[in-house]
Each structure stands twice: as C-alpha cells, then as structure tokens.
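Colleague: What follows is a single structure, and I will ask about it in a moment.
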C-alpha cells in the first residue's frame, strides 16, 4: 500500500500555484515487502490531479485578464496624476485618492508634499515605468507601479499604490525618492 500526499491548489495573495508531492511507500514496503507499481493505482488520483491543474489554469487566466485591465486603469491614473502635478492642480490629485489618503491629518501633508515637488523639481518631462505588481487579497486588489520620472529640474523614482474597490481604482499611496528634491 502506498501513502498518498496529494495535490494542493492555492489562490490568494500569491498567484495560483499547484504543488505535487511525492508518493512513497511506507517503511514496511521499503523493507522488502512487495508493492504495486505506481501505474497500477486507480485513476481517481490522476483525474483529481488533472481537474486541479485545470482549475489552477482557469484561475490564472481570469486573474491575468483582470490584472491587465486594472493595470491599464492605474497607468492612466498615473498619467493624470503627472498632468495635475505639473499644473499644480492638487485638488484633482486629491479627488483620485482612496478614503485613507483623504483623512483629515493626511490630506494636507500630501498636498504640501506635492506642492514642494512642483516647486523644487518643476513639471514632469518624461516617465518610464520600471516595475509593477498586482496583489489580490481578502481586502481587495492592490496595484503598485514604479516609475523613473524626469522633471524640469531633476529626476526621481516614484512609487504609486492603487487599490481597486467597487470597480474604482483609487490612489492609496505615493512615494518619491529624489536627490534634487532634498538638495535643491
């Protein structure tokens, strides 16, 4: 008799994965007792494995389709963010924010930071997306985009964090790393 350890399909914060663990004989079989060949087992386990792999593939396709649509939406919002930042239309940026950023103590600090960026670095002249990540969790979907951005008076690396809630993509976090922002 063989011990079966099975197949696990996991979906959640990480992309769907399939783990297949080994089938091994118990210690009595390893000691010389006769065992059946692995192929002699019933096909139930094979069918379950096939069904699990099929489910994992369907989940991967569905997640992939959703993430590309949401990624495009977030990229469009980054473009709108840069236009509003260049024109110092900070209220338009605030309108794109999630409720967590609209809290009374955070909103004025965000607008102050964006005002300093506009004064010290100037208008956005060029952007290049250098990275992205889409996470699905129990709290919803989170999209992180990273850009190398050139301004009139310097450059920086920007990180944008968006959340998708109720079909709407909203800014949930912004971070910039720029030597010129600090030194000028």
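Colleague: Anything in the stretch 94-107 that is part of a helix (DSSP H, G or I) and within 24 Å of the chain's Cα centre (by Cα)? List them, or say none.
Modeller: Selection gives 94, 95.
Colleague: Let me ask you something else. Name the single residue that is surrounded by the fewest Cβ atoms within 10 Å (Cβ to Cβ) among those in the stretch 134-184 being at pLDDT 90 or above and assigned to a loop (DSSP other than H, G, I, E, B).
Modeller: Filtering the stretch 134-184 for residues that are at pLDDT 90 or above and assigned to a loop (DSSP other than H, G, I, E, B), the one surrounded by the fewest Cβ atoms within 10 Å (Cβ to Cβ) comes out as 152.
Colleague: Across the stretch 87-118, which residue is surrounded by the fewest Cβ atoms within 10 Å (Cβ to Cβ) among those that are modelled with pLDDT under 85 and touching a strand residue (DSSP E or B) at 6+ places or on another chain (Cβ under 8 Å)?
Modeller: Checked the stretch 87-118; the qualifying residue surrounded by the fewest Cβ atoms within 10 Å (Cβ to Cβ) is 100.
Colleague: Tell me which residues, restricted to the stretch 108-133, are in contact (Cβ under 8 Å) with a residue 24 or more places away in the chain and either assigned to a loop (DSSP other than H, G, I, E, B) or under 18 Å from the mean Cα position of the chain (by Cα) (or both).
Modeller: Matches in the stretch 108-133: 122, 123, 129, 130, 132.
The values are calculated or read from the model by the stated rules, or taken from the named source; none is laboratory data. As the structure is a computational prediction, the values presented were derived from the model and not from experiment. Here Cβ is always computed from backbone atoms with ideal geometry, including for glycine, and neighbour counts include all displayed protein chains.
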